[in-house]
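Enquirer: Quick one: the structure is below, questions incoming.
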Amino acid sequence: MAPPPILSLTLPSETGRVLSIQSHTVQGYVGNKSAVFPLQLLGYDVDPINSVQFSNHTGYPTFKGQVLNGQQLWDLIEGLEANDLLYYTHLLTGYIGSVSFLNKILEVVDKLRSVNANLTYVCDPVMGDEGKLYVPEDLVSVYREKVVPVASMLTPNQFEAELLTKLRIVSETDGREACNILHAAGPSKVVITGIDIGGNLLLIGSHQKDKEHSPEQFKIVIPRIPAYFTGTGDLMTALLLGWSNKYPDNLDKAAELAVSSLQALLRRTVNDYTSAGFDSQSSSLEIRLIQSQDDIRNPKLTFKAHKYT
């Protein structure tokens with residue numbers, strides 16, 4: 001007689017179990033390569049699904065690899081479900097390149113919430129930056145009409161927040177109003193990760209703890225570093241997920257820790273490239289993620305949130 005099959009039991013995670021659906025590069029740090037390791041350092045079990053597998057990020061002269069389609073994504077979800085492995089505390093999504101894949105993500109949200117109704121969905125609605133779209137235009141309405149209503153936390157940049165709210169953001173008041181519009185559509189936590197106002201760079205965060213009260217809002221002033229990096233948005237959203245889960249009622253504290261980690265990492269990146277003889281302004285820099293793990297696990301709180309009253 002054949003021996004009985006061995007069932008592998010997954011123990012519950014004390015901190016949280018994250019399903020992260022993002023891009024993957026063999027070399028460099030963007031998408032899941034930027035998000036998974038920091039979340040693991042913060043104590044989370046992270047299960048990555050790679051929406052693409054590329055040799056390197058698309059900012060290089062060439063790249064090669066494969067793109068996961070919606071059916072292939074669903075096959076993975078069904079495989080997990082067949083073995084009772086679909087219990088997650090968090091879903092994290094970043095860059096998504098097609099409407100069909102984004103619609104399949106919405107099905108994943110429904111499926112995960114059928115297993116855990118308290119699932120937190122952290123969505124970075126990656127669509128573009130500095131006035132330029134880098135996804136098909138028809139993704140914008142899907143994000144606005146379908147994704148925002150089911151998200152728990154949203155982390156757009158300034159341009160993405162404008163696309164989602166149809167509001168031009170030229171002042172702090174506009175940034176706060178954009179957060180209010182997004183709250184009304186769904187998510188209780190909104191962090192606009194970078195707003196350029198009069199040459200100053202700000203993060204504006206907003207937490208609406210219940211629909212009867214106005215959201216608690218704050219800003220963090222962020223220094224400009226004269227260099228261009230890739231993967232920082234993916235890292236920032238992962239850090240916001242990690243710290244906001246540890247401080248669920250203090251989004252300002254979570255943002256302080258996330259910004260402090262990220263800025264320490266960026267300074268190390270620039271310093272390392274400069275020490276190696278590279279001009280940090282001549283091309284995009286691969287972030288020094290592994291070398292900055294202490295700044296991720298135990299950040300020095302060097303950036304403070306200023307609460308709006």
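The values are calculated or read from the model by the stated rules, or taken from the named source; none is laboratory data. Keep in mind that what you see is a predicted model, and the values were worked out from it rather than measured. Every residue, glycine as well, gets a Cβ built from its backbone with ideal geometry; the counts of neighbours run over all protein chains shown. Ligands, DNA and RNA are excluded from the accessible area calculation, which covers all protein heavy atoms including side chains. Shrake-Rupley method; radii C 1.70, N 1.55, O 1.52, S 1.80 Å.
Enquirer: Quick one: go through the stretch 93-128 and flag any residue whose amide nitrogen is under 20 Å from the point 7 Å out along the Cα-to-Cβ line of E78.
Expert: Residues passing the 20 Å test: 100-115.
Enquirer: Given contacts defined as C-alpha pairs under 8 Å and at least six residues apart, what's the relative contact order of the stretch 17-307, whole-number percent?
Expert: The normalised contact order for the stretch 17-307 reaches 16 percent.
Enquirer: Given an 8 Å cut-off on Cα distances and at least 6 residues of separation, report the relative contact order of the stretch 1-104 as a percent.
Expert: Reported relative contact order: 31 percent.
Enquirer: Express in nm, to one decimal, how much length is gained between I181 and S284 on full extension, taking 0.36 nm for each residue of separation and deducting their alpha carbon distance.
Expert: Full-extension gain reported as 33.7 nm.
Enquirer: Using a 1.4 Å probe on the protein chains only, how many percent of the accessible area of the stretch 17-307 belongs to carbon and sulfur?
Expert: The value for the stretch 17-307 is 49 percent carbon and sulfur by accessible area.
Enquirer: For Y308 and A276, compute 0.36 nm times the residue count separating them, minus their Cα-Cα distance, and round to one decimal in nm.
Expert: 7.3 nm is the gain from fully extending Y308 to A276.
Enquirer: So, one more: Need the C-alpha centroid separation for the stretch 259-309 versus the stretch 154-233, integer Å.
Expert: About 21 Å separates the Cα centre of the stretch 259-309 from the one of the stretch 154-233.
Enquirer: Let me ask you something else. Any idea how far apart V26 and N69 come out in nm if each label point goes 7 Å out from Cα toward Cβ?
Expert: 2.3 nm
Enquirer: Also, I was wondering about something else. Taking the Cα-to-Cβ direction at Y247 and at T10 and moving 7 Å from each Cα, how far apart do the two end points lie in nm?
Expert: Going from the Y247 label point to the T10 one covers 2.9 nm.
Enquirer: In terms of the Cα gyration tensor, with a ≥ b ≥ c the square roots of its eigenvalues, is the stretch 146-222 rounded because a/c is under 1.5, prolate because a/b exceeds b/c, or oblate?
Expert: prolate
Enquirer: Where in the stretch 37-124 are there trypsin sites (Lys or Arg not before Pro) that are in a DSSP coil and have at most 13 other Cβ atoms within 10 angstrom of their Cβ?
Expert: The qualifying sites are K64.
Enquirer: Another question, if that's okay. Give me the compactness ratio for the chain, meaning the Cα radius of gyration over 2.2 N^0.38 Å.
Expert: 0.99
Enquirer: Could I ask something else about it? Where only protein heavy atoms count, and the probe is 1.4 Å, what is the accessible area per residue for the stretch 17-307 in Å²?
Expert: Per-residue accessible area for the stretch 17-307 comes out at 44 Å².
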